[in-house]
Amino acid sequence: MATSKAAISSLTHLRHLTCAASASSSYPARLVPDPPNLIAWVTREGGYVHPAVKIAHSHHFNGLGLVADQQIPTGTDLIILPDHIPLSFRSFESEDSVDSALAQLARQVPEELWAMKLGLKLLQERAKLGSFWWPYISNLPQTYSVPIFFPGEDIKNLQYAPVLHQVNKRCRFLLDFEQEIKRTLVNLEPDKHPFGGLEVHASSLGWAMSAVSSRAFRLYGNKRPDGVHIEVPMMLPLIDMCNHSFSPNARIVQEQDTDNMKMQVKVVAEMAIKEDEPLLLNYGRLSNDFFLLDYGFVIHSNPYDCIELKYNGALLDAASMAAGVSSPNFSAPAPWQELILSQLNLAGEAPDLKVTIGGQEIVEGRLLAALRVLLASDKETAQNYDLNSLKSLSAEAPLGVATDIAVFRTLIALCVIALGHFPTKITDDVSLLEQGVSESSELAIQFRIQKKSVIVDVMRELSKRVKLLSSKETVTAEEAK
Ligand SMILES: C[S@@+](CC[C@H](N)C(=O)[O-])C[C@H]1O[C@@H](n2cnc3c(N)ncnc32)[C@H](O)[C@@H]1O
C-alpha cells in the first residue's frame, strides 16, 4: 500500500503499530523476535493442548502451522480453549468509558469490513502494556501477503476488476479511517485514549485488519436475551496456527464447559492423524478472491473459484453472433422474456447484474435461465417452464436440444471475450514466473492464472456438453427420416 513507508517512518513510539509490505523471506517474522511459547501460555491459562500437537515451520503453507508429532486417533481433543482466551469484541454497548472511543470508532466501520472492528480491539491490546493477550499477539505475523500491501504495480498485475475494486476500496477506507481516528482522538485525555496515546496509521490499521481477516473464526457468542446465540468473530490463540485445506483432518467445536457452564472452543481430530501430518481446518468454501483479499494466498484448482461478469444484453448479442447463433435478441427482449428476466432479477427496477461462471454451479443459474429463455424458439414452453429447471445445468435441455446448444455456444463465446479482457495469456504468465519475480508479483500472477483457468475449464465443460447434445440432435434427426 502506498501509505506504508510514510506511516512507518513517522513512528517514534516504542511499540510500533505498523505493518510493512511482506518481506521476501520464506515465512513472515513474528511481531517480536522470540515470542513466548504459545502452547505453554494456553496450558497455563487452563486450556488443554494434546501432547502430540506441536508448532512447526511449514514451507508449503508459507509460515507456521500445527503438526502431530505422533499418531492421533479420530475424535481426539487436540486443543481446548477456555472462555477467557479467545479475543473478541463482544459488545460495544457494555464497554466502559475508556473503551467507548473505540466503540465509537468501531461503529463507523462498514459491516463488510467486520475484520476492522475486531482489528481495533486487537490494536488496542497490542498497544496496551501488560495486555493479557500479549503472549498471543507477540506470536502474530509481522507482515501479511494480502493485496492492500502490494506495490501498485502488483495490484494492477491481478488483472481482475472485481478484486482490483475491492483492494482500492479497502485502501481508500484505511486512509480515510486513519484521518477519522485522528479527528476522534485528538482531544482525548491520555487515560481515555484507546491506543495508550500511540498514533494509529493506515498501515497499522491494515496490519490489524489482515491479522483478523486471516485468523478469526466466526463462532457463537453470548446468548441474546431472546435466547439466540449471535455469531461473533473471534481470534482463537493457537487454534489459528492451523492452516487451511478443503480436506481437513480437524474441526472446531464449541461446547459448554461442564465445570463453569461457560463456552469453550475445541479442535477435534476428524480422522486419524499420522505422525508428522499437519493439523488442517477448512476455512470455508471460498473463492480465490476471498482467499487472496483476506488471507493472502491462492488455491490452485480451487473448486469454489469463479469469475464475475456483468449481465449485458449487447455483449451477449455479440457473443451469440460470434458463436454463429442466428438472430439473438438479448438487447431487445420480447415483453414475456423481459418478465422472466425480472423474475431472475436481471431486469426491472433494481436488478442484480453480477453473474458468475465457474465454481460449483459452472454457470450461475440466473445467467443460464436467461440465455435459455432469450434463445428459446417456443414462447409457450418457455413461459410454462419451472424457473428452477431453467436455472439448472443438470436439467436436460428443458427448452430443447437446439436451444441448449445455442446457449452453450453463446456462453463459450462469452468466455472467449472474458479471456480477452486479461492483458496476458496463461503461457505468458507461466514464463514470467519461471523468470523469477517478487513474492507479491508471484501471488498476483498465480491469482490471474487461476482466474483464467476457471474460464478455460468452463469452456471445456460446455464444449463437452455441446458435443453430447449435437450427437443427440443428429440421432433425433436420423430417427425422424
Ligand atoms: C490462520 S493462519 C494459519 C497460521 C499461519 N500459517 C501462521 O504462520 O501463523 C492463516 C494464514 O496461514 C497461511 N495459510 C493457511 N493455509 C494455507 C494454505 N492452504 N496455503 C497457503 N497458505 C496458507 C496464510 O498465510 C494464511 O493467511
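The values are calculated or read from the model by the stated rules, or taken from the named source; none is laboratory data. Note that the structure is a prediction, hence the values are computed from the model and not measured. Cβ: placed from backbone, ideal geometry, glycine included. Neighbour counts: every protein chain shown. Accessible surface is based on the protein model in full, side chains and every heavy atom, while ligands, DNA and RNA are left aside. Shrake-Rupley method; radii C 1.70, N 1.55, O 1.52, S 1.80 Å.
Sequence gap at least 6, Cα distance under 8 Å: using those rules, report the relative contact order of the chain to the nearest whole percent.
17 percent
Counting residues in the chain as N, plug N into 2.2 N^0.38 Å and put the Cα Rg over that result.
Normalised Cα radius of gyration, the chain: 1.14.
On a 0 to 90 degree scale, rounded to 10, what angle separates helix 365-375 from the longest Cα axis of the chain?
Taking the Cα atoms of the chain, the angle to 365-375 is about 20 degrees.
Please work out the average accessible area per residue across the chain, using the 1.4 Å probe convention, and give it in Å².
Counting only protein heavy atoms, the per-residue value for the chain is 48 Å².
Highest first, please rank the peptides 152-162, 447-457 by the mean number of other Cβ atoms sitting within 10 Å of their residues.
447-457, 152-162
What angle, in degrees between 0 and 90 and rounded to the nearest 10, separates the Cα long axis of helix 202-215 from the longest principal axis of the Cα atoms of the chain?
Approximately 70 degrees, to the nearest ten.
For the range 306-480, would you read off the P(r) tail past 19 Å as a percentage of all alpha carbon pairs?
Here the long-distance tail beyond 19 Å is 59 percent of all Cα pairs in the range 306-480.
Using a 1.4 Å probe on the protein heavy atoms, what percent of the accessible area of the range 4-295 belongs to carbon and sulfur?
Reported share for carbon and sulfur atoms: 52 percent.
Which angle between 0 and 90 degrees, to the nearest 10, do you get for helix 97-107 versus the longest principal axis of the chain when only C-alpha atoms count?
Once rounded, the angle reads 10 degrees.
Whenever you get a sec, compute what percent of the accessible area on the range 341-412 sits on carbon and sulfur atoms (1.4 Å probe).
43 percent
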